[in-house]
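S.K.: Structure in structure tokens, see below.
The values are calculated or read from the model by the stated rules, or taken from the named source; none is laboratory data. All values derive from a computational prediction rather than experimental measurement. Neighbour counts are summed over all protein chains in view; Cβ atoms, including those assigned to glycine, are modelled from backbone coordinates with ideal geometry.
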Amino acid sequence: MTHALLVIDVQNDFCPGGALAVPAGDEVVGRVNAMMEQFDTVILTQDWHPPGHSSFASSHPGKAPFDTIEMPYGAQVLWPDHCIQRSAGAEFHPALRTDADLILRKGFRPQIDSYSAFFENDRNTPTGLEGYLRTRGIEKLTLAGLATDFCVQYSALDGARLGFDVEVVMEACRAIDLDGSLAAAEAAMRGAGVRLS
Ligand code: VGL
Ligand code: ZN
């Protein structure tokens, strides 16, 4: 009862053919669906950006997707437009089971991105997930989804920092892998006490 599955951003735009396709992102769907049987609490996150979001390269004249800029809260990678609220790309992969306890949307504030399910990219603005988990007595988290080196990593690191016992099931995740970001994410997660299985 104290162990939840947190499924990160298994959405069309992160799957092959999507606006910010994670290589083989759709391969996690079957495994994630099977994992859901094992948990009493299942939480899905959904990247949910307004049009013109500040994380989109198209909002910064002269910038291209995958460039990095300085935002008031620190460095921010710029992305192709993706997961725009109410678009088909923002929908969950059609084969993903969505009969979850909670669907948490993130990234809806125009001026700040949100990789983590717990805090936006200023590392300070909460999404409310911590309160949800604590008031339900959840102490352990198993993470799966997309992308390993961005939203999964940030969620795992924040979960560990908040004192949750965090495990990431790597075969149920896929990475974007920009300039070694997957190896860096694995090292950071291990260093923070996150179990990678
Ligand atoms: C993600 C980049 C931008 C993710 C979301 O789900 O990992 N990555 N928005
Ligand atoms: Zn996003």
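S.K.: Which condition from (1) of a type in the set (S, T, N, Q); (2) more than 23 Å from Tyr73 (Cα to Cα); (3) part of a helix (DSSP H, G or I) is the one that Ser155 breaks?
M.R.: Here Ser155 meets the rest and fails (2).
S.K.: Within the stretch 75-84, can one find any residue that is away from ligand 1 (no atom under 15 Å from the Cβ) and in contact (Cβ under 8 Å) with a residue 12 or more places away in the chain?
M.R.: Within the stretch 75-84, none of the residues are away from ligand 1 (no atom under 15 Å from the Cβ) and in contact (Cβ under 8 Å) with a residue 12 or more places away in the chain.
S.K.: Looking at the stretch 161-175, can you tell me whether even one residue there is under 20 Å from Glu120 (Cβ atoms), in a helix (DSSP H, G or I) and in contact with a strand residue (DSSP E or B) (Cβ under 6 Å, 6 or more places away or on another chain)?
M.R.: Checked against the condition, which is being under 20 Å from Glu120 (Cβ atoms), in a helix (DSSP H, G or I) and in contact with a strand residue (DSSP E or B) (Cβ under 6 Å, 6 or more places away or on another chain), the stretch 161-175 yields no hits at all.
S.K.: Kindly provide the set of residues from the stretch 35-65 that are part of a loop (DSSP other than H, G, I, E, B) and closer than 19 Å to Glu120 by Cα, ordered by number.
M.R.: Residues satisfying the conditions are Trp48, Pro50, Pro51, Gly52, His53, Ser54, Ser55.
S.K.: Tell me, please, whether a residue that is surrounded by 16 or more Cβ atoms within 10 Å (Cβ to Cβ), part of a strand (DSSP E or B) and either modelled with pLDDT of 95 or more or touching a Leu at 6+ places or on another chain (Cβ under 8 Å) (or both) can be found in the stretch 117-124.
M.R.: Yes, the stretch 117-124 contains a residue that is surrounded by 16 or more Cβ atoms within 10 Å (Cβ to Cβ), part of a strand (DSSP E or B) and either modelled with pLDDT of 95 or more or touching a Leu at 6+ places or on another chain (Cβ under 8 Å) (or both).
S.K.: Related question: Would you point out which residue out of Leu6, Leu20 is in contact with a Leu (Cβ under 7 Å, 6 or more places away or on another chain), among the aliphatic types (A, V, I, L, M) and within 15 Å of ligand 1 (Cβ to nearest atom)?
M.R.: Leu6
S.K.: Consider only pairs whose beta carbons are under 7 Å apart and that are at least six residues apart or on different chains; among these, list those whose first residue lies in the stretch 16-34 and is on the phi < 0 side of the Ramachandran plot and part of a helix (DSSP H, G or I) and whose second residue is loosely packed, with under 13 Cβ neighbours inside 10 Å and acidic (Asp, Glu).
M.R.: Between residues of the stretch 16-34 that are on the phi < 0 side of the Ramachandran plot and part of a helix (DSSP H, G or I) and residues that are loosely packed, with under 13 Cβ neighbours inside 10 Å and acidic (Asp, Glu), the close pairs are Arg31/Glu171.
S.K.: Now a separate question. Which one of Ala88, Ala34 is surrounded by fewer than 17 Cβ atoms within 10 Å (Cβ to Cβ), more than 28 Å from Asp179 (Cβ to Cβ), small (Gly, Ala, Ser) and within 16 Å of ligand 2 (Cβ to nearest atom)?
M.R.: Ala88
This table checks each residue for (1) assigned to a helix (DSSP H, G or I); (2) within 11 Å of ligand 1 (Cβ to nearest atom); (3) more than 24 Å from Ala24 (Cβ to Cβ); (4) in contact with a helix residue (DSSP H, G or I) (Cβ under 8 Å, 6 or more places away or on another chain).
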{"site": "Arg97", "(1), (2), (3), (4)": "no, no, no, yes"}
{"site": "Arg109", "(1), (2), (3), (4)": "no, no, yes, no"}
{"site": "Tyr115", "(1), (2), (3), (4)": "no, yes, no, yes"}
{"site": "Tyr132", "(1), (2), (3), (4)": "yes, no, yes, no"}
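S.K.: Determine whether the stretch 4-25 contains at least one residue that is more than 17 Å from Leu141 (Cα to Cα) and of a type in the set (S, T, N, Q).
M.R.: Yes, because at least one residue in the stretch 4-25 is more than 17 Å from Leu141 (Cα to Cα) and of a type in the set (S, T, N, Q).
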